[in-house]
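Read the structure below first, then the notes.
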Amino acid sequence: MNVDKMCVGCMQSDSGEPICPVCGRPFELEAQNPLQMKPRTMLHDQYLIGRALGHGGFGVTYLSWDIGLATRLAIKEYLPHGVAGRAANTTQVMAYSEHTRPEFEWGLERFLEEARTLKKFKNFPGIVSVDTIFRDNGTAYLVMEYLDGCTFEEYLKQHGGKVPFQTALEIMLPVMRALGAVHAEGILHRDISPDNIYVTNPGKVKLIDFGAARNALGQKSRNLSIILKEGFAPEEQYRSSGVQGPWTDVYATASTFYHALTGKVPQGALDRQAEDKLQRPSQLGSDIDPRAEAALMRALSVRAHDRFQSMQDFEAALTGVAVEQPAEIPAAPAAFSPYEALPPAAAQMAPPPASQRMSVNQWLWIAVAAVAIAVFAIFQMNPRPKPAPSGPSGASGTEQAAESPAYKAMIQQAGELDKKHAYQDELALLDKAIKMEPNGWEAYDLKGQIYLYNFLKWPEARQNYQLSLEHGGNATFHVAHDHGAGNFATVCDGWLYVMPGTIKFKSWNSAHQFGVQRSAITDAAQTKEFGTQHYAFHMRIDNQMWTFAPLGKFLDEQREMILEIIG
C-alpha cells in the first residue's frame, strides 16, 4: 500500500482518488474537531492516523495504519475532556492549567495501569486485543486490534430491534466470560451496553471501551463528567457513595441482554427505586425459559445485594451449567497469619457486596447480622481476648462467660430481621439480647454497625462500639485496602476487626487478610500524602505497609476511632 495515496477514512485503498472507491470518503479528510489529531498525522514514527472512530470524555480512538506490519489498527489517545487539550496546530497534549495538571497526570497513570492489565488478555476471546502501550505527545496511547463489523446495537437494528433468546445468549456469553476474567484482575468495565459490544464480520464478539480508568478520574476530577447510559447503569453508579463491584457489571450485562430480547431499554435504575415498572421479557413477547428469565430478573435487581455477586454465578443461573470461578487476586505475604476457614454454617452466610471503588451505600449492609455471626465463629476458633477494664457497662476484669444458646439464637434472629430491612425491630431484639446477656459483646458490635451504616448516626454507633470493646469484643468497620501505591485505584474491600490488643482484616473479594497482635504493628497513623484520601490510614506489620480507608459516612470519625483503639 502506498501510504501517501492511502485513504485515511478506511485504510483499504491507495488509489489517491478524490473520493475513495471503497468507503466513499474524501481523500482530504478533516478532523471532526480541533481536539483530534489531523488525519495523516504520523504517530510514533510508525502509525498513520486516520479518521476518529470515537471521541468520548476520556479520549479519542482513531483508525490507524501500522506501516511496519502493513495492517489496520485502532489507537486510543488519552485526552480527558475539561482537564487537557491539544495545543493549536500541534499534536502535543497539555493540561489546561496548573490546577488541572495533577488530575491529568493522575488519570494518565490510571489509563496506563488499566492498559497494562488489559494487555494480559491480548489473546483472550471476547476482549479487544491491546497490542502496544506507549507515551508520546505528552500523553499515552493504546494500540488495539481494529474490529471490522458493527456494534451489538447496530446488529439489533439490522435484525428488527430484537433477537431470540438463543441468539442473545450466543452473543452475550463471550462478554460474560470476558468480564469474569477481568474482574478476577480487579478491573470493572462500568459501561456495558449494546454500544460497547462489537460483533465482527467473522462472527466473533468483542467487549470494547473499558471505562474503569475513566470512571476513576471522573470520581476524582470536578472537570470530567461521567455520562451514564440510562437503563443500563445500576443505581450505585449514579452516586459518589455507591459501592461498585462485579455486581455493577452484572446489572449492565443483564440490561443489555434484556434489551436484546425485548427491543426495549430497561426502565432507569433511579426510576425503579421510586416505582419499579420493569416488565419481564415474557410479558413483552420474548420466548424465554422461566428459569433463565428468573436469573435475568435477579441480575436486574435494583439493590446490589439482591443481584448475583459474580458474573460466573449469573452465567450458571442463566444457562443451568456450573461455571468455574477464576483465580483470585494473589494472597497476602505468608508473614501474615490467615484466618482459618469458617465452619460450613457460617461460610454459607452471604457476605455483603464489595467494590473496586472506595464508597458504600447504606442499604448494602443488610448482611450485617450474618457478618456478626461469622465474626463470632472466627473468634470461637481463636482465643477471645480478656475484657477491657471496668467501664460504664460494668464489665469485670475476668474472662467473659460463654453466651447462652438463647442469646446466640437472638443474634441469628436479628440477621433474619436484617434481611427484611426491619432495622427498628432488629435493634429492639438486640436490646433484649443485651438484657439477657449484659456481658455479650456481639449485640453491641452489631448495633454499632447498624447505626453507622444503616441509620447514619455516628454518636450511637461509637457508643455501641465502645460498649463492645468494654465487654471484650471488637469494633467492626468496613474498609477498602489499597493494592497500589496509595492511590486507591485498585482495592479490595473487607472487614477490619479492631481491638486494643488484636487487629484482624478479612477481604471478601480477594485473598488478602491478616490477624496480628498489637505488638506486631510498628506504626499506625493517618496517611496524609494521598490527596483527597485524607481519611486514609496505614499500619506497618513486619515491614509490610497496609493502607486502608473506611467506607460509608463519617470517614474521619471512623479513622480516628480505629487509630484510637489501636493506640
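The values are calculated or read from the model by the stated rules, or taken from the named source; none is laboratory data. As the structure is a computational prediction, the values presented were derived from the model and not from experiment. Please note: Cβ atoms are built from the backbone with ideal geometry, for glycine as well, and neighbour counts cover all protein chains shown.
Quick notes on this structure:
- Qualifying residue in region 206-214 (condition: aromatic (F, W, Y), in the same structural domain as Q158 (by TED's automatic domain parsing), at pLDDT below 95 and farther than 29 Å from S282 by Cα): yes
- Residue list for region 118-140, restricted to those being of a type in the set (A, V, I, L, M), touching a residue at least 24 places away in the same chain (Cβ under 8 Å) and part of a strand (DSSP E or B): I127, A140
- Contact annotation: residue pairs with Cβ atoms under 6 Å, 6 or more positions apart or on different chains, pairing a residue in region 441-467 that is within 16 Å of L496 (Cα to Cα) with a partner that is at pLDDT below 90 and of a type in the set (A, V, I, L, M), are E442/A372; E442/I411; L446/A372; Q449/V368; A461/L452.
- Qualifying residue in region 95-117 (condition: among the aliphatic types (A, V, I, L, M), outside the structural domain of L179 (by TED's automatic domain parsing), in a strand (DSSP E or B) and surrounded by 18 or more Cβ atoms within 10 Å (Cβ to Cβ)): yes
- Hey, A88 among the aliphatic types (A, V, I, L, M) and in a loop (DSSP other than H, G, I, E, B) or not: yes
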